Amino acid sequence: MTRYTRTSYAVPAADNLGAQLRRLREQTGSPQWKAGAAADMDSALLSRIETGKHPVRADQLVKLAAFLRVSLEPLETQRLAEEMARLYGSHPGFAAAAAIVRENAGEYRVNKSPDAGSKRSATGSKSASSVSNRKKSR
């Protein structure tokens, strides 16, 4: 049985999530200790995150995005990509698996949109227009 080890798969420093967070923090003029405190971490941990030496957890990223007043979605997307690369980047099938995920995610967005089919909202409940249209047809 072949075992694959976690890798220190490096995203180019200018493109990694930590560098993005540092740029955003510096644009606000906030010191590391203040941003770190907002995310329940000390400045040493935030420094390790910003330099790419430590991954940021999802709960920490939510708090940092709120503190920095930026959209969470692109940051979380980058966090997930870096986490997958860190965990599976040394696996020989990683690139092929990533391509499959990319392809399937595109299909899901196209075929599984909330307003397609039964007119259910994003929360899974039927929309008011769907219910009122059903009542009119009776």
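Readers should treat all values here as calculations from the given coordinates under stated rules, not as data from a laboratory. Source: prediction; values computed, not measured. Neighbour counts run over all protein chains shown; Cβ positions are idealised from the backbone, glycine included.
For Arg57, no residue has an amide H sitting under 5 Å from its own, ignoring neighbours fewer than 5 places away on the same chain, with H placed 1.01 Å from N. Report the gain in length on full extension from Leu72 to Ala44: 0.36 nm times residue separation, minus Cα-Cα distance, nm rounded to one decimal. Stretched out fully, the Leu72 to Ala44 stretch lengthens by 7.8 nm. Extension gain, Arg102 to Arg86, is 4.0 nm, computed as 0.36 nm per intervening residue step minus the present C-alpha separation. Karplus-based coupling profile of region 66-81, in residue order and whole Hz: 5, 4, 7, 6, 10, 5, 6, 3, x, 5, 5, 4, 5, 4, 5, 4, with θ = phi - 60° in 6.51 cos²θ - 1.76 cosθ + 1.60 and x standing for Gly or Pro.
Between Ala58 and Ser30, the C-beta separation translates, for a Förster distance of 22 Å, into a calculated FRET efficiency of about 0.55.
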